[in-house]
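The structure appears below as structure tokens.
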């Protein structure tokens, strides 16, 4: 009974996290007339404030000294900070420039890009169904490129930057709250410097658009931190495969908002491309669930059997790293 209650609580946290990430396109337009770079800088600054308060309450500071003693890990953290800043900034720009649907596509194809990186960088082996999913995903990008009249560069940049960020997080191996603190701490000086420069040039919108606008800019820290806390609470309570399925909530919500709320165009060729992406994800999810069931059955039959063959790609849809996909 206690385990069931814990899993229900975890599901609630998971739905909350991915639901908030899925609805975040409604928030960024509220920050206009601030530009995407100014919003990004505020997000970096106020996120550090939010996670700093959380760490102060939890009294979790010991990891800082350990991180400073590992130059390689610190360097990887700096690289992760740079990659996620590109992801954040482009997503904010996309939403505020009427490209919500294309941005959502980036997070639909992210699992496929993650698998491709696993093969190319980590030398992982794919099963037939995974190869089929990647091939269909590649065909989808070609169809969408024809439909857009150009490669879907927003989607590809978001997908590859987030996949690269996930790879870096895997190598860094830090908790979600701690890694977010380290990354935003590294981003804080340039972000604050940029905001001070804007203010000196008389171009800052922080104090010129009223108290409500300033409060919304400050709230970017909570918009970043609250879903992360919910994700962390879900991650320790529900299976990895469940989190992997929940991750699709965010791009589904974003896509629905783009079509139904922002009324972005969806010509037939764009529907065709998205349909191919969804077919690839359906194959990927089916294969992951089937493999997970076989693994559990093998473990029940022989508890000493390995959970998965070494060097083989992940058996479940990989959940997003401990950070929002936008």
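The values are calculated or read from the model by the stated rules, or taken from the named source; none is laboratory data. From a predicted model like this one, the values you see are computed outputs, not experimental measurements. Please note: Cβ atoms are built from the backbone with ideal geometry, for glycine as well, and neighbour counts cover all protein chains shown.
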Note to self: Restricting to the range 150-163, and then to whatever is crowded, with 20+ Cβ neighbours inside 10 Å and assigned to a helix (DSSP H, G or I), can you tell me which residue is nearest to the chain's Cα centre (by Cα)?
What the structure shows: 162
Note to self: For the range 175-187, give me the residue count where each residue is surrounded by fewer than 19 Cβ atoms within 10 Å (Cβ to Cβ) and modelled with pLDDT of 90 or more.
What the structure shows: 1
Checklist line | Residue among 37, 24 that alone is in a helix (DSSP H, G or I) and more than 27 Å from residue 243 (Cβ to Cβ) | finding: 37
Check: Among the candidates 147, 166, 137, which residue alone is within 30 Å of residue 273 (Cα to Cα), more than 16 Å from the chain's Cα centre (by Cα), in a helix (DSSP H, G or I) and at pLDDT below 85?
Finding: 147
Margin query: Can you tell me which condition residue 285 does not meet? The list is (1) farther than 27 Å from residue 25 by Cα; (2) assigned to a helix (DSSP H, G or I), and all the others hold.
Written below: (1)
Next item on the list: Name the residue, out of 89, 123, 106, 98, that is closer than 30 Å to residue 33 by Cβ, in contact (Cβ under 8 Å) with a residue 40 or more places away in the chain and not in a helix (DSSP H, G or I).
Entry: 98
Check: With respect to the numbered conditions (1) more than 14 Å from the chain's Cα centre (by Cα); (2) within 25 Å of residue 94 (Cα to Cα), which one is the sole condition not fulfilled by residue 181?
Finding: (2)
Next item on the list: Answer yes or no as to whether residue 24 is under 29 Å from residue 283 (Cα atoms) and under 17 Å from the mean Cα position of the chain (by Cα).
Entry: yes
Check: How many residues does the range 185-214 contain that are assigned to a helix (DSSP H, G or I) and farther than 17 Å from residue 36 by Cα?
Finding: 6
Item checked: Selection count where residues are touching a residue at least 60 places away in the same chain (Cβ under 8 Å) and farther than 10 Å from residue 105 by Cβ, scope the range 149-169 -> 8
Notebook entry, point to check: What tally of residues in the range 255-275 results from selecting those that are surrounded by fewer than 19 Cβ atoms within 10 Å (Cβ to Cβ) and farther than 23 Å from residue 92 by Cβ?
Noted result: 6
Next item on the list: Specify which of the listed residues (297, 318) is assigned to a loop (DSSP other than H, G, I, E, B), modelled with pLDDT under 80 and either farther than 17 Å from residue 108 by Cβ or within 22 Å of the chain's Cα centre (by Cα) (or both).
Entry: 318
Margin query: Any residue at all in the range 233-248 that's free of Cβ contacts under 8 Å to residues at least 12 places away in the same chain, more than 21 Å from residue 141 (Cα to Cα) and assigned to a helix (DSSP H, G or I)?
Written below: no
